[in-house]
1. Using the Karplus curve 6.51 cos²θ - 1.76 cosθ + 1.60 with θ = phi - 60°, work out ³J(HN,Hα) for each residue of the stretch 63-72 in order, rounded to whole Hz, and write x for Gly and Pro.
2. Provide the packing ranking of 96-106, 80-90, i.e. peptides ordered by the mean count of other C-beta atoms within 10 Å per residue, highest first.
3. Longest segment of the chain with no GluC sites (Glu not before Pro) in a DSSP loop having at most 16 other Cβ atoms within 10 Å?
4. Peptides 112-124, 8-20: what's the order by average Cβ count within 10 Å, highest mean first?
5. Normalised by the empirical 2.2 N^0.38 Å for globular proteins, what value does the Cα Rg of the stretch 48-143 take?
6. What does the charge dipole of the chain about its Cα centre add up to, to the nearest 20 debye, if the Cβ of each Lys and Arg holds +1 and the Cβ of each Asp and Glu holds -1?
7. Grab the eigenvalues of the alpha-carbon gyration tensor for the stretch 21-74, scale each by 5, take roots, and send me the semi-axes largest first in whole angstrom.
8. In 10 Å bins starting at 0, how do the alpha-carbon pair distances of the stretch 1-102 split up by percent?
Amino acid sequence: MIHGPNLGSLGRREPQLYGSVTLEEVDRRLAELAQTLGLELESFQSNHEGALVDFLERAGPSTDGFLVNPGGLTHTSVVLRDALLATARPFVEVHVSNPHAREPFRHKSFLSDAAAGVVYGFGWQGYLLGLRGLAARLSADGS
């Protein structure tokens, strides 16, 4: 699980848009679901694009797939896209809010066309939906 910039302030940042569940709670619930699904899950959050790329380079060879909420990097980062593609692993893009119901600059994702799936607009529960989707994808691929 990769959480991009500003996601460390989930639960405090614009709760009318992002809800009141904290990142720690999201990670706890993801860990519980991962255990139920028979998966191992590591969560990583950074406000720095380079740190996310470093994490992908380290984790890529030993990881079957990624769940990623790139935050604002969704709309700006060719670097994050390239790093995800370099892992040659499937990834699911997750957003707490619905980017298409927001400002026009948020309507374009640099990741969506390369993602195995995209989940947005379901609040923090979207993370769980994304993990279930990734697990199904990995199971279908025989990973």
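Computed from the coordinates by the stated procedures, all read-outs in this text should not be read as laboratory data. Note that the structure is a prediction, hence the values are computed from the model and not measured. Here Cβ is always computed from backbone atoms with ideal geometry, including for glycine, and neighbour counts include all displayed protein chains.
1. Taking θ as phi minus 60°, the curve returns 10, 7, x, 10, 9, 9, 10, x, x, x Hz for the stretch 63-72.
2. 80-90, 96-106
3. After excluding every exposed loop site, the longest remaining stretch is 43-143.
4. The most tightly packed comes first, giving 112-124, 8-20.
5. Its radius of gyration relative to the 2.2 N^0.38 Å reference: 1.04.
6. Taking the Cα centre of the chain as origin, the dipole is about 360 debye.
7. Each semi-axis is the square root of five times an eigenvalue, giving 20, 16, 8 Å.
8. 14, 48, 33, 5
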